[in-house]
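The values are calculated or read from the model by the stated rules, or taken from the named source; none is laboratory data. Predicted, not measured: the structure shown is a model, and the values here were computed from it. Heads up, the Cβs are rebuilt from the backbone with ideal geometry, glycines too, and the neighbour counts pull from every protein chain shown.
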Amino acid sequence: MGMRLPSGKGGDTSGVVGIAHMKLSKLLSADQIILNLKAVEHWSAITELVDHLVAIRRLPDEQREPCLAALKTREDLVSTGIGCGVAIPHAFSDAMDEVVAVFGCSKAGLDFEALDHAPVHFVILFIVPSTNYHLHLRTLAAIAKMFTNSEVRRQLAAAETRDDILAILDCKPSRVAPPGS
């Protein structure tokens, strides 16, 4: 059992309905947040995040290398730095039964080879069970949608604690800064 990249083929769709309204905060707990990444570039940031998942026992130690290999293969295709200071590295695992995620902040910004060439300040790494391609797509879409909101990014940049970050991620982007407020 190991990690792999999306094949583009549908898999088990159980649980898909629930993920359509997923909040990133439901995938994270305080121990899955790194307030200030030590890394300065994308690959060391990914390694730091995976090592953190192993250290907090959210990722089995024996899955560290397969996970890093799958993430490296994905990053070699095109950077998961989607722009606006956000990166979403992701991969599949044959060994995982549920989505595992970790969130890292970089005050200084990372060279993530992002599409807009801007430094990345927020990295959301997630691993999805191989059997659920649709879950993978919906998770990616929900995360990307949240981070297109500039107010969410501004509030995260100002957050000082893990609980602050969880509270921000628990809000629906449309409720973070309603028009006219």
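Observations
- Filter result for residue 75 (among the acidic types (Asp, Glu), modelled with pLDDT under 95, buried (at least 19 other Cβ atoms within 10 Å of the Cβ) and more than 17 Å from residue 132 (Cβ to Cβ)): yes
- Complete set of residues in the stretch 78-95 that are among the hydrophobic types (A, V, I, L, M, F, W, C) and buried (at least 23 other Cβ atoms within 10 Å of the Cβ): 86, 87, 91, 92
- Some residue of the stretch 101-115 being within 14 Å of residue 140 (Cβ to Cβ) and not basic (Lys, Arg): yes
- Qualifying positions in the stretch 54-67 - part of a helix (DSSP H, G or I), free of Cβ contacts under 8 Å to residues at least 60 places away in the same chain and surrounded by 15 or more Cβ atoms within 10 Å (Cβ to Cβ): 54, 64
- Consider the stretch 86-98 and keep the residues that are in contact (Cβ under 8 Å) with a residue 60 or more places away in the chain and out of contact with any helix residue (DSSP H, G or I) (no Cβ under 6 Å at 6 or more places or on another chain). The one that is nearest to residue 154 (Cα to Cα) is 92.
- All positions within the stretch 98-125 that are within 23 Å of residue 30 (Cβ to Cβ), assigned to a loop (DSSP other than H, G, I, E, B) and in contact with a strand residue (DSSP E or B) (Cβ under 6 Å, 6 or more places away or on another chain): 99
- Inspection of the stretch 159-173 identifies at least one residue that is surrounded by 18 or more Cβ atoms within 10 Å (Cβ to Cβ), in a helix (DSSP H, G or I) and touching a Lys or Arg at 6+ places or on another chain (Cβ under 9 Å).
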